[in-house]
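Written out below as structure tokens is the structure these notes cover.
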Amino acid sequence: MNRRTFLWGLTLGTLSVPLAAEVQQAAKVPRIGMLWLGSREAVQPFITMYEQSLRQLGYVVGRTLLVEQRFADGKAERLPALAAELVSLDVDLIAVGANPTIEAARRATTTIPIVMANGVDPVGQGYIASLARPGGSITGLAWDPTPEIVGKHVEFLGELVPLASRIAAIWDPAFLPNRSYLKEAEAAARRRGLILQPVELRAADLPSVFATMIKKQPAGVIVLQGPALFLQRAKIIDLAAASLPR
């Protein structure tokens, strides 16, 4: 079980506990809305894990707990309409994952609780007031709490390749938090005397992205956050292993 799958199942399992009292007192079956950026096939491992976690807590999806799933199939522009559908169903809670789903849910409702499983820079993006006291209707887990964490990635790479002078950073300009993360990566690289070479993601043509990057002769590469980058992670790993010096 990888860390991300575990946290996703843990988040939803934790959420089910306070709902148990409501079921007993009002004889109402709780209904959770889930908003996914990816397709059902892409996120099925996460769905399987949270259903297993709920069963361990005594809940059976479809009997003692209703779950409304909505999938954008990788098309972020569909998220607002899907979030509105969940709100219209009067769900008790909306569970979301990546930042685009958080944004769509918070624009769709200010009254239904929203629980994020992997928010990126939630304070900087205005989703919560602070990590200690989120405030508002959004809570949950942060995948990367602040941009400063990418500075550690640069430091680790510098330690792995101590003679490096240039490193590359693949980033997705369409994912808004990436701009602050890239800025932090550049600052961390300067502190170590490294040249950071940003390379924009073009998911449809990753081999060309790597071909362009390799011409700059980086000693290594870091990959910034974002759902598009996450969905391409296996291909990025394979291309990096085949392209970068060993």
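Every read-out reported here was derived from the displayed coordinates using simple, explicitly stated rules and does not represent laboratory data. Since the structure is predicted, the reported quantities are computational estimates derived from the model, not experimental observations. FYI the Cβ positions are ideal-geometry reconstructions off the backbone, even for glycines, and counts take in every protein chain you see.
Data overview
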| quantity | calculated |
| --- | --- |
| Top of 48, 109, 146 by mean-square fluctuation, Gaussian network on the chain, Cα under 10 Å | 48 |
| Residues 115, 60, sorted so that the one with the fewest Cβ neighbours within 10 Å comes first | 60, 115 |
| Most fluctuating residue given options 122, 218, 100, as computed from a GNM of the chain linking Cα atoms under 10 Å | 218 |
| Bins of 10 Å from zero: percent of alpha-carbon pairs in the stretch 24-152 | 12, 41, 36, 10, 1, 0 |
| Gaussian network model of the chain, Cα within-10 Å springs - most flexible of 182, 89, 201 | 89 |
| Partner lysines for residue 216 [C-alpha distance under 25 Å; skip if fewer than 8 residues away on the same chain] | 152, 183, 235 |
| Spread of Cα-to-Cα distances over 10 Å intervals beginning at zero, given as percent, for the chain | 7, 28, 32, 20, 10, 3, 0 |
| Rg/Rh (Cα only; Kirkwood hydrodynamic radius) as it applies to the stretch 149-243 | 0.93 |
| Mean Cβ neighbour count within 10 Å, used as a protection proxy, ranking 232-241, 186-195 highest first | 186-195, 232-241 |
| In nm, spacing of pseudo-spin labels at residue 237 and residue 131 (7 Å Cα→C-beta vector) | 2.6 |
| Residues in the stretch 111-143 reached by a label modelled at residue 68 [backbone nitrogen below 13 Å; 7 Å Cα→Cβ] | 112-113 |
| Charged-residue dipole, Cβ positions (Lys, Arg, Asp, Glu), the chain about Cα centre, Debye nearest 20 | 460 |
| Share of pairwise Cα separations in the stretch 121-191, more than 21 Å, in percent | 36 |
